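K.L.:
The structure is given below, and queries will be raised subsequently.
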Amino acid sequence: MMLARPPTPKADWAYFCDIDGTLVAFAKHPDAVEVREEARHVLQQLFCVTHGAVALVSGRSLASIDALFHLPFLPAAGLHGLERRDPDGTYQRVIDRLPGREQLLPALSALAARFPGLLLEDKGIALALHYRQAPRLGGYLSHTIKRLVAPFPELTVLKGKYVFELKPHVANKGEAIAAFMRIPPFCGRTPVFLGDDVTDEYGFERINQLGGLSIKVGPGQTLARYRLPNIEAALTWLQSLTH
């Protein structure tokens, strides 16, 4: 289905943005991602124009988000909402321990060591197995990871762009956005969420429920009601508010 371009952004909306694939391009390794100065500038300006109603919502940890953008004042939800920094700087964590970590970490480490091109990212309360450099393994990894996770009903497996993420199912990007929308300066505004991946569909679903603007960046089936073709278009759209 052809999705429309989103309407011109407004200063009294609340803005939520995914990172990888939405504001910055993917890289072979998550730590190798480069943030263009334009993206950092757009976020700073958007924060000023909206009086702080901007938050990053990512599968990355808050530490990783801050290392990328160097904007520690920016509200953010990391690890798909498992951790959150509120506008007043308060840090919240939904859970302190990954169920089954003692069994899953060595099993996934062995899997990554067995196949060149696999990368295991230990996020503490979540684990991510990247296979961007070995895409042919997608089907095998899906079957294997489902088998490994089966004994742990508290966990869910999120399949993103060439990555499987194992995390507690108690949080997702939609719940993180809803939590922000209950507090100032977000509450009472029309929420907007830009995302590109399957894991962002939770955010799109919640945004639609809240009567906001759900914006898919790039191709693919989606619950989003609007689309921008790529990262450049997403940055240009956001930047149009600050001019």
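K.L.:
What do you reckon, is Y202 aromatic (F, W, Y), within 17 Å of I19 (Cα to Cα) and either surrounded by fewer than 19 Cβ atoms within 10 Å (Cβ to Cβ) or in contact (Cβ under 8 Å) with a residue 24 or more places away in the chain (or both)?
P.N.:
yes
K.L.:
While we're here: Can you name the residue in the stretch 49-58 that is assigned to a loop (DSSP other than H, G, I, E, B) and touching a Pro at 6+ places or on another chain (Cβ under 9 Å) and, of all such residues, is farthest from Y15 (Cα to Cα)?
P.N.:
Only one residue tops the list, namely H51.
One line per residue, one yes/no per condition, for (1) in contact with an Asp or Glu (Cβ under 7 Å, 6 or more places away or on another chain); (2) open to solvent by less than 10 Å² (accessible area, probe 1.4 Å); (3) closer than 17 Å to A110 by Cα; (4) in contact (Cβ under 8 Å) with a residue 12 or more places away in the chain:
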position	(1), (2), (3), (4)
T156	no, no, no, yes
N172	no, no, no, yes
A176	no, yes, no, yes
I183	yes, no, no, yes
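K.L.:
One residue is enough: does the stretch 36-49 have a residue meeting the conditions modelled with pLDDT under 95, closer than 23 Å to A128 by Cα and among the basic types (K, R)?
P.N.:
Checked the stretch 36-49: no residue is modelled with pLDDT under 95, closer than 23 Å to A128 by Cα and among the basic types (K, R).
K.L.:
If I filter the stretch 25-36 for residues that are in contact (Cβ under 8 Å) with a residue 40 or more places away in the chain, of a type in the set (G, A, S) and open to solvent by less than 30 Å² (accessible area, probe 1.4 Å), do I get at least one hit?
P.N.:
Within the stretch 25-36, none of the residues are in contact (Cβ under 8 Å) with a residue 40 or more places away in the chain, of a type in the set (G, A, S) and open to solvent by less than 30 Å² (accessible area, probe 1.4 Å).
K.L.:
Can G188 be described as small (G, A, S), surrounded by 21 or more Cβ atoms within 10 Å (Cβ to Cβ) and either at pLDDT 95 or above or more than 17 Å from the chain's Cα centre (by Cα) (or both)?
P.N.:
Criteria not met by G188.
K.L.:
All but one of (1) among the hydrophobic types (A, V, I, L, M, F, W, C); (2) farther than 23 Å from L158 by Cβ; (3) modelled with pLDDT under 95 hold for L74, so report the exception by its number.
P.N.:
All conditions are met except number (3).
K.L.:
Output the number of residues of the stretch 83-99 satisfying the condition of being in contact with a Pro (Cβ under 8 Å, 6 or more places away or on another chain) and either modelled with pLDDT under 95 or on the phi > 0 side of the Ramachandran plot (or both).
P.N.:
Matching residues across the stretch 83-99 total 4.
K.L.:
Going through the stretch 93-108 one residue at a time, which ones are more than 15 Å from V170 (Cα to Cα) and of a type outside the set (G, A, S)?
P.N.:
Once the filter is applied, which keeps residues that are more than 15 Å from V170 (Cα to Cα) and of a type outside the set (G, A, S), the stretch 93-108 yields R101, E102, Q103, L104, L105, P106, L108.
The values are calculated or read from the model by the stated rules, or taken from the named source; none is laboratory data. As the structure is a prediction and not an experimental result, all values here were calculated from the model. Virtual Cβ from ideal backbone geometry, glycine too; neighbours counted across all protein chains shown. Quick note on the areas: whole protein, heavy atoms, side chains included, nothing else; ligands and nucleic acids left out. Shrake-Rupley method; radii C 1.70, N 1.55, O 1.52, S 1.80 Å.
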